[in-house]
Amino acid sequence: MRDLAIISDGAMLIEDGRIAQVGTRAEIEPRITQHDAVIDAGRRVVMPGFVDAHTHPIFAGNRAAEFERRIEGASYAQIAASGGGIRSTVRETRAATEDQLLATAARYVSWFHAGGTTTIEAKSGYGLTLEDECKLLRVIGRLEGIRAVPTFLGAHEIPDEFRGRPSEYTDLVIHEMLPRIAGQQIARFCDVFCEPGIFSIEESRRVLSAARSLGLGLRIHADQLSDSGGAALAAELGAATADHLEHTSARGILALQAAGVQPVLLPGAVYGLGSTHYPNAREMIQAGLAVVLATDFNPGSSPTPSMPMILSLACTQMKMTPAEAITAATVNAACSLGCGGEIGSLESGKRADFAIHHCGDYRELAYFFGAPLAAAVYMEGRQVSAQSQLRNHHREGVAASNIGASDR
């Protein structure tokens, strides 16, 4: 995870939205013709677009009032028990139309771009009825300017109308929601919030087993608030990822390693809740796990879309090196979504999703926390966001650290 394969004085040739070749300027420049557009990166860092493998971006309203309550001493669990938390967002999201949710999400897409993100895993989970969950997944499918991998999270919370009847709501998820969503092919993964008082180990097992039988990949919110066996369940079921893992024991880490489950660590949620109980990233890396970092962007515990901020937290709070953090937020994250052959690194044949950052050293991305360093963001070779103007010109006068982008 510490080997970034950096190319000094590098260049990249893009044709038809894919990377045709990467190498040094001396290797690439002879291939550029007078018909090609050339982007001068000005010796800035050029790297793959971040792949944010755990987000909740489709919701109405926000929970700024609850943020203040937590500052005044209320716990996440206390707020949820009083009708706040996820359920308060569910009430607002149910009342919003599909177009209203899309317009709100478009704003968040611009925030992802500002941090250099080009791909997100996007969860539903703020509808908690069949029609509302389908509504959220349709909005995810309509997002523009970002690659979005949809995940069904109907098992996110027990909605108000099923309070005290979790098994009945679990049956609804299994027998009504999952078959419709799988049949419409509007989700690639299924997730569940596995935690005592929300979805138990057995209820989570039932939901994920049903999802697997319908052809969906598995992800799981595991061991966020307690060491409740979520990591072991992810290993048992062969999930693609186990996410959060703040309280996972050494035994749980070994179970993930043995089963080949990728851990998705979400330090933004720890920070956002005012906790200091971060996942044991170093032990996971030493065990050989392909650790992933993600924002957990959501209106409650982690209202940040900034992957550079997450890199900084990973380095300062979990003692990951900047190189390990970048690997976790790019190629490892892409592999966790089953997209490792298409995105996540700058290699020939992959999609040309990349960002040009306002820095000359990759370590600055974690070092200058809170600074918007993405100068420009590209998907399949086409610019989707720019914070500053880069020089575009033709073959004559090509400067160092260029990216060749074919007009073809």
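The values are calculated or read from the model by the stated rules, or taken from the named source; none is laboratory data. Note that this is a predicted model, so its numbers are computed, not measured. Cβ: placed from backbone, ideal geometry, glycine included. Neighbour counts: every protein chain shown. Remember, those area values only see protein heavy atoms, side chains included, never the ligands or the DNA or RNA. Shrake-Rupley method; radii C 1.70, N 1.55, O 1.52, S 1.80 Å.
For region 151-182, a tally of residues being within 27 Å of the chain's Cα centre (by Cα) and either open to solvent by 60 Å² or more (accessible area, probe 1.4 Å) or basic (K, R) (or both) returns 1.
Per-residue answers, yes or no, for (1) open to solvent by less than 30 Å² (accessible area, probe 1.4 Å); (2) closer than 20 Å to M320 by Cβ; (3) in a loop (DSSP other than H, G, I, E, B):
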| site | (1), (2), (3) |
| --- | --- |
| A232 | no, no, no |
| D243 | yes, yes, no |
| H247 | no, yes, yes |
| I253 | yes, yes, no |
| H277 | no, yes, yes |
| L289 | yes, yes, yes |
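The conditions of being more than 27 Å from the chain's Cα centre (by Cα) and over 30 Å from G125 (Cβ atoms) are not met by A41. Is it the case, given these coordinates, that E342 is in a loop (DSSP other than H, G, I, E, B), at pLDDT 95 or above and either open to solvent by 10 Å² or more (accessible area, probe 1.4 Å) or of a type in the set (S, T, N, Q) (or both)? Yes.
Here A74 fulfils each of the conditions (1) buried (at least 24 other Cβ atoms within 10 Å of the Cβ); (2) modelled with pLDDT under 95 apart from (1). If you go through region 49-71 and keep only what is crowded, with 21+ Cβ neighbours inside 10 Å, modelled with pLDDT under 95 and not in a loop (DSSP other than H, G, I, E, B), you end up with just E66.
Summed over region 143-162, residues that are aromatic (F, W, Y) and not in a strand (DSSP E or B) total 1. Checked against (1) in a helix (DSSP H, G or I); (2) touching a strand residue (DSSP E or B) at 6+ places or on another chain (Cβ under 6 Å); (3) not polar (S, T, N, Q), I285 passes all but a single condition, namely (2). Pairs linking a residue in region 360-380 that is on the phi > 0 side of the Ramachandran plot to a residue that is open to solvent by less than 60 Å² (accessible area, probe 1.4 Å) and assigned to a loop (DSSP other than H, G, I, E, B), with Cβ atoms under 8 Å and 6 or more positions apart or on different chains, are G370/S306; E380/G17; E380/A352; E380/D353. The residues of region 17-44 that are open to solvent by 20 Å² or more (accessible area, probe 1.4 Å) and within 19 Å of V377 (Cβ to Cβ), listed by number, are R18, V22, A37, G42, R43, R44.
The residues in region 77-94 that are open to solvent by less than 40 Å² (accessible area, probe 1.4 Å) and of a type in the set (A, V, I, L, M, F, W, C) can be counted, and the count is 4.
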